[in-house]
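The values are calculated or read from the model by the stated rules, or taken from the named source; none is laboratory data. In this text the structure is predicted, and so the values were computed from the model without any measurement. For neighbour counting, all protein chains shown are included, and Cβ atoms are generated from backbone atoms with ideal geometry for every residue, glycine included. Just the protein is used for accessible areas: all its heavy atoms, side chains included, with ligands, DNA and RNA removed. Shrake-Rupley method; radii C 1.70, N 1.55, O 1.52, S 1.80 Å.
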Amino acid sequence: MLPPVPAPFPPAMDWFHCNKCFRQEGARFAVTSCGHVLCAACGAAGPCPVCGAACRHLPISSQMRPQEKLFFKSPAAIALQHLASITQVWRFQRAQAELLLASHHHAARRHREAMEAAKRELGVKERELESLRRENTELRRAQEQHSPACGGHIPGTHGDPTAPAAAQLPGGQVTTAQTYYTPL
Ligand SMILES: [Zn+2]
Ligand SMILES: [Zn+2]
């Protein structure tokens, strides 16, 4: 808001005059309820000497109410004052909007960072899963290679070409068992 500038009231205005005697200089003027400006010499009370209407007289002074003073102010000054108010309102609301926008930017950045972290985590899990799959495949293959020994398959009947080699093992074990029981 612009600081109030102390100035004489009413300020110098080329249009200001007594509507009866047309003088422009003087200390005491009044405006009537019928809209006429009169100097103290032309009428301070009673009917309007310009139009004859029964009217009230309001002394023109700095004591007038703001809505009455307004009629004696420069329209340009009024416009500037309003412009200052409008600018202040606009700046306040823009600052508010910027705060909200900054909050949205901050939230968006946090979400982006969380998504990047989740993507990295997903990549790690996918590599772990791939590693486990390979390990599982290797274990299954190894189990298939050893399964004929456990199941007592007849060598040569298993589909696995490595089966006969593994199936030869129980024979040795049986021999060992017989060797163990022999002393009894
Ligand atoms: Zn006059
Ligand atoms: Zn009048």
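Overview of values
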{"quantity": "Sites L139 and R112 - FRET efficiency at Förster radius 35 Å, r taken between beta-carbons, to 0.05", "calculated": "0.30"}
{"quantity": "Per residue accessible area in Å² of the stretch 7-73, where ligands, DNA and RNA are left out and the probe is 1.4 Å", "calculated": "65 Å²"}
{"quantity": "Sequence-separation-based contact order of the stretch 7-73, relative, with Cα cut under 8 Å and 6+ spacing, percent", "calculated": "31 percent"}
{"quantity": "Carbon/sulfur fraction of accessible area - the stretch 7-73, other protein chains in place, 1.4 Å, %", "calculated": "57 percent"}
{"quantity": "Förster radius 25 Å - calculated FRET efficiency between D14 and A45 (Cβ-Cβ, nearest 0.05)", "calculated": "0.30"}
{"quantity": "Accessible surface of H111 - all protein chains present, 1.4 Å probe, nearest 10 Å²", "calculated": "120 Å²"}
{"quantity": "Cut-off under 5 Å, modelled amide H: who pairs with A40 long-range", "calculated": "R28"}
{"quantity": "Prolate/oblate/rounded label for the stretch 21-91 (Cα gyration tensor, a/c 1.5)", "calculated": "prolate"}
{"quantity": "Whole-Hz couplings from phi, Karplus 6.51/-1.76/1.60, listed for the stretch 61-73; x for Gly and Pro", "calculated": "7, 6, 7, 5, 6, x, 5, 7, 4, 3, 6, 10, 9"}
{"quantity": "Karplus 3J(HN,Hα) series, Hz, for the stretch 110-119 with 6.51 cos²θ - 1.76 cosθ + 1.60 (x for Gly, Pro)", "calculated": "4, 5, 4, 5, 5, 5, 4, 4, 5, 5"}
